[in-house]
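Below is one structure; the comments refer to it alone.
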Amino acid sequence: MPVLTQPPTPGDVLKFELNPNFNRETVTLLAGATYPVGAVLGRITASGLYKLATSGGSDGAQTAAAVLLDAVDASAADTPGLVILRGPAIVSKAALVLDPTVDDAAKTATKHGQLAALGIVPRDTA
């Protein structure tokens, strides 16, 4: 019998939000990447586009600003995506997808703290 696997869903990431009409926004993701559900995004100051929040840099995307709720293929062009942009909200730490430059516990804690400052609280949840 074949084994079926289900890709992550918004429910795997988002555990609580006060009001979807307040917490969620559609933003534009920078072309050149495929973004998974739960991607922690930063906003590029000059363009207003979003990409994976890095651990360094100076374009503004080094600060976590949102969590992506649906997978987005922006490999060919800038593409819209639905995000949690503000809290109060709770997201699962285990379901968050971080940029490869966020490669140790201190950098991960920094991203979690940046999200918490927006009211998007990462928690150890099921």
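Taking the criterion of being among the β-branched types (Val, Ile, Thr) and buried (at least 18 other Cβ atoms within 10 Å of the Cβ), the residues of segment 98-126 that qualify are Val102, Ile120. Looking at segment 1-104, the strands (runs of 3 or more DSSP E) lying wholly inside it that each contain 1 or more residues that are β-branched (Val, Ile, Thr) sit at 24-29, 33-35, 40-43, 64-68, 72-74, 79-84, 89-92.
So, in segment 20-61, of the ones that are exposed (fewer than 12 other Cβ atoms within 10 Å of the Cβ) and free of Cβ contacts under 8 Å to residues at least 12 places away in the same chain, which residue ends up farthest from Gly81 (Cα to Cα)? Selected residue: Ser58.
Pairs linking a residue in segment 1-19 that is in contact (Cβ under 8 Å) with a residue 24 or more places away in the chain and farther than 14 Å from Leu96 by Cα to a residue that is β-branched (Val, Ile, Thr) and surrounded by 16 or more Cβ atoms within 10 Å (Cβ to Cβ), with Cβ atoms under 7 Å and 6 or more positions apart or on different chains, are Phe16/Ile90; Glu17/Ile84.
Taken together, the values in this text are just the output of simple stated rules run on the coordinates, not laboratory data. Predicted model only: the values in this text are computed from it and were never measured. Methodologically, a virtual Cβ is constructed for each residue, glycine included, from the backbone with ideal geometry; neighbour enumeration extends over all protein chains shown.
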